[in-house]
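Step one of this worksheet: look at the structure below.
None of the figures in this text is laboratory data; all of them are computed from the coordinates on show. As the structure is a prediction and not an experimental result, all values here were calculated from the model. Glycine also receives a Cβ, built like all others from the backbone with ideal geometry; neighbour counts cover every protein chain displayed.
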Amino acid sequence: MHIIKKISLTVLLFTASMAFAQKGGPAVFSVDGDTVWGAEFERVFSKNDKTPDEKPTMQELEEYLDLYVRFKLKVKEAYDLGMDTNRSFQQELAGYRKQLAQPYLTDKSITERLIEEAYERMGYEVEASNLMIHLSPAASPADTLRAWNRINNWRDLILSEKYSFERVTRDSSTDDHGRKNEGRLGYFTAFSMIYPFENQAYNTKVGEISEAFRTQYGYHIVKVTDKRKSRGDLKVAHILIRVNNDSEYEKNKPRIDAIYDRLKKGESFATLVKDFSEDFATRESGGQLNWIKSVGGGVPKDFKEAAYALKDGAYSSPVKTELGWHIIKRIEEKEMPKLDEVRETIKYKIGRDSRSELNKEAVLKRVKTENNYALNTSNWKSYKATITDTSFLYNWNPTMAQKSQTPIFTIGEKNYTFGDFSTYLKQSDARKPNQNTGSFADDMLAKYVDEMNLEYEESILESKYDDFKYLMQEYRDGILLFELSNKTVWNKASEDTTGLQNFYEEHKTDYVWKERVETKSYVCSSKKSAKMVKKLLKRDSSDKAILNTVNKSDALGVNIVYKTYERGQNEDIDKLKWTKSLHKIKEEGTNNTIFIKMGTILLPGQKELNETLGPVTSDYQKHLENQWIERLKDTYEVNIFDGALDQLFTTR
């Protein structure tokens, strides 16, 4: 017997009113004593509500209540099984937590300024060249000075016009690719390059070269040769004849030329796509591709330049790329979107870009104040006094004093001690060559302080932000549910071959073939080829003979498709008399004439398991799911609190 009880609202009047104030909303239901309150139910319901401005109907609430009870039952079992203590689960949740914490560790004003700057730059494309000297971020002061003097000397030679930018790059750049093409980078836009490089490119005038500047890769000088407004995104369609190697370009040239000739004679582009294009993913959409961008992306350069050279509605002559031969039709250009349309995309890119360091600095300033960060200057001086010339080497062992619990700084109520910092140093990179140990220690302390302030802030997000707390709980439950469902239902359905076979045997009558017919379709691309095919079929010629004869004069003349159809699968096939051997039809939307030759009629019969494995597996999963829920309802007491749903969403 299932232990599901409906408890009268009258009985719970006092306790429910107390809970309303403490928990947020009425008690909706409980699973084994764990109560779900109205605030939680409203929050999760609203996340899936497609009409948030309308008050949900009682039927909608009851349906969602059933789903949420099932969800909580599964999660309850996951916790009872101790799945939340598994190392793999904890590592996965920690990874998600890092991602979810990022919006709470950013400065909104800095982010907004960077969004607006990036959006403005996205409206332009810069053509530039790069002259550089590679230099490690950990280079010694002497090596850094040498590189600085060297690149500035190159700049002086270029400005004095003794040597051109291109010659100096070709002769002296440490970038191998740059030397080969004289540093030319082509056109790029915001986020195409690292932020310091992007800044110099956008802030340097056309025809001028920048000051020398440093990035994580070394020193650079940028020459800007052009700036243009963004060409926007293009929607194009294409007809593709594929090649597998270089020898096939010449072999397939007659095919693409034949298609191009028919296009020039007025045949529909969409029809020719459907008949001949070997980009099978786009044949049904008239050859349409996803929007292509002016710079970046994986579209071959020759394809892109040919597309941008066209006017809307026009098509190209055959274009050769590494994929094969194309005929490209330009459909439309999409102008740059409004800022609000791309704000979140830009924000995401900023978070993964070096410009996020500006945001990090602002956040650190804020959290240090909010969390009462304080450096004990006196103790820090005492720690530095213990440093010797052999300190911080790879085999360095801290002294007892350096491992003590003496605090260097505090964040909130937490002390960070000599021992903590020494452990951090042991795990960190060695100091730069010739760097003073004291300055190295100061640099490492600054880095450690920043990391610990961010780590501390992240550790208290649940206590500072309710939204984050709820989000983490949802992810925690969701991961557990996925793992348990995978084990109990999804994997079991595919791995339990005996159970699957038994389920199939018990439900065999649900998986039967209707009447079927084996067919051969002769797809003729012109009236001439159709006439030839018809004549050859009357002679009972072999398929090989038909292909050789018809396609000898027209490479696209006929194509033969072999397929078995089931009653109800194809409306056009259902209309034909399956007792008649040959049928002639006109394919809608194309110039094709099709002769369909009926073959063996297969009578209705039982499907073998391997012939219906997908549907059987899906049905078996549903069966396992229902069995699971029934077992959980027998295991855990579920109480549905009568009248609670009436009290929800009262503000809508």
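Could you check the simple spin-label distance between residue 251 and residue 622, using points 7 Å along Cα→Cβ, in nm with one decimal?
4.8 nm
Estimate the FRET efficiency between residue 406 and residue 310 by the formula 1/(1 + (r/R0)^6), using the beta-carbon distance for r and 56 Å for R0, to the nearest 0.05. Don't skip to the end; give the middle numbers.
Numbers: r = 73 Å, r/R0 = 1.30.
Here the calculated transfer efficiency is 0.15.
Rounded to the nearest 20 debye, what is the charge dipole size of segment 526-652 about its Cα centre when +1 sits on each Lys and Arg Cβ and -1 on each Asp and Glu Cβ? Mind showing how you got there, number by number?
Working: 22 positive and 18 negative charges, 380 e Å.
Here the size comes out at about 1820 debye.
What is segment 229-281 by shape, rounded, prolate or oblate, if you read a ≥ b ≥ c off the alpha carbon gyration tensor as root eigenvalues and call it rounded for a/c under 1.5, prolate for a/b larger than b/c, and oblate otherwise? All intermediate terms of the calculation are to be shown ahead of the outcome.
Values: a/c = 1.91, a/b = 1.26, b/c = 1.51.
Note, shape of segment 229-281 comes out oblate.
Report the relative contact order of the chain, percent, no decimals, based on alpha-carbon pairs under 8 angstrom and at least 6 residues apart. Could the numbers behind the result be given before it?
On the way: 869 pairs, mean separation 121.6, N = 652.
Normalised by residue count, the contact order of the chain is 19 percent.
Rank-order 310-319, 568-577 by packing density, defined as the average count of other C-beta atoms within 10 Å over each peptide's residues, highest first. Display every interim value, and only then the final one.
Working: 310-319: 14.0, 568-577: 12.1.
Packing proxy ranking, top to bottom: 310-319, 568-577.
For segment 233-334, what does the relative contact order come out to in percent, with C-alpha contacts under 8 Å and a separation of six or more? Write out the running numbers ahead of the final one.
Values: 178 pairs, mean separation 45.0, N = 102.
The value is 44 percent.
Placing unit charges on C-beta atoms (Lys and Arg positive, Asp and Glu negative, everything else neutral), compute the dipole magnitude of the chain about its Cα centre in debye, rounded to 20. Intermediate results must be reported in sequence, preceding the final value.
Numbers: 100 positive and 101 negative charges, 610 e Å.
Roughly 2920 debye, rounded to the nearest 20.
In debye, nearest 20: dipole of segment 233-334 around its Cα centre with unit charges on the Cβ of K, R (+) and D, E (-)?
Values: 18 positive and 17 negative charges, 39 e Å.
So the magnitude is around 180 debye.
Under 1.5 on a/c is rounded, so check that first for segment 233-334, then, if it is not, pick prolate when a/b is larger than b/c and oblate when it is not; a ≥ b ≥ c are the square roots of the alpha carbon gyration tensor eigenvalues.
Details: a/c = 1.60, a/b = 1.18, b/c = 1.36.
Note, shape of segment 233-334 comes out oblate.
Please compute the length gained on full extension between residue 288 and residue 369, using 0.36 nm multiplied by the number of residues separating them and subtracting their Cα-Cα distance.
Separation in residues times 0.36 nm, less the Cα-Cα distance, equals 23.7 nm.
Once both labels are modelled 7 Å past Cα along the beta-carbon direction, what's the residue 507-residue 205 spacing in nm?
7.6 nm
Where the centre of each part is set by its Cα atoms, how far does segment 585-641 sit from segment 516-545, in angstrom?
Using only Cα atoms, the two centres lie 35 Å from each other.
Compute the signed sum of charges (Lys and Arg +1, Asp and Glu -1) over the other residues within less than 13 Å, Cβ to Cβ, of residue 147.
Details: positive: 146, 150, 155, 214; negative: 143.
Local net charge: +3.
Within the set of other residues whose C-beta is less than 14 Å from the C-beta of residue 236, count the net charge using Lys and Arg as +1 and Asp and Glu as -1. Show your work: numbers first, answer last.
Details: positive: 231, 235, 293, 304, 311, 329, 330, 334; negative: 233, 279, 302, 305, 312, 332, 333.
Around residue 236, the surrounding residues sum to +1.
Net charge near residue 183, counting Lys/Arg +1 and Asp/Glu -1 over other residues with Cβ under 13 Å of its Cβ?
My count for the surroundings of residue 183 gives 0.
Can you give me the distance in nm between label points at residue 600 and residue 98, each placed 7 Å from the Cα along the Cα-to-Cβ direction?
According to this spin-label approximation, the distance is 5.8 nm.
If amide hydrogens are placed 1.01 Å from N in the peptide plane, which non-local residues have theirs closer than 5 Å to the one on residue 186?
Result for residue 186 returns 128.
Which whole-number percent gives the relative contact order of segment 124-229, counting Cα pairs below 8 Å spaced six or more residues apart? Mind showing how you got there, number by number?
Values: 178 pairs, mean separation 48.8, N = 106.
Relative contact order of segment 124-229: 46 percent.
Which length gain, in nm to one decimal place, applies between residue 301 and residue 381 when the Cα-Cα distance is subtracted from 0.36 nm times their residue separation? If you can, show how the numbers build up before the last one.
On the way: separation 80, 0.36 × 80 = 28.80 nm, distance 5.97 nm.
Difference between extended and current length: 22.8 nm.
Could you give the distance between the Cα centres of segment 404-474 and segment 174-230, to the whole Å?
36 Å
Amide H neighbours of residue 406 under 5 Å, at least 5 residues apart or on other chains, H built in the peptide plane: list them.
Distant-sequence amide H within range of residue 406: 418, 419.
Would you work out if the chain is rounded, prolate or oblate? Take a ≥ b ≥ c from the square roots of the eigenvalues of the alpha-carbon gyration tensor; rounded if a/c is under 1.5, else prolate when a/b is larger than b/c, oblate otherwise. Write out the running numbers ahead of the final one.
Numbers: a/c = 2.44, a/b = 1.18, b/c = 2.08.
Oblate is the answer for the chain, as a/c is 1.5 or above yet b/c matches or exceeds a/b.
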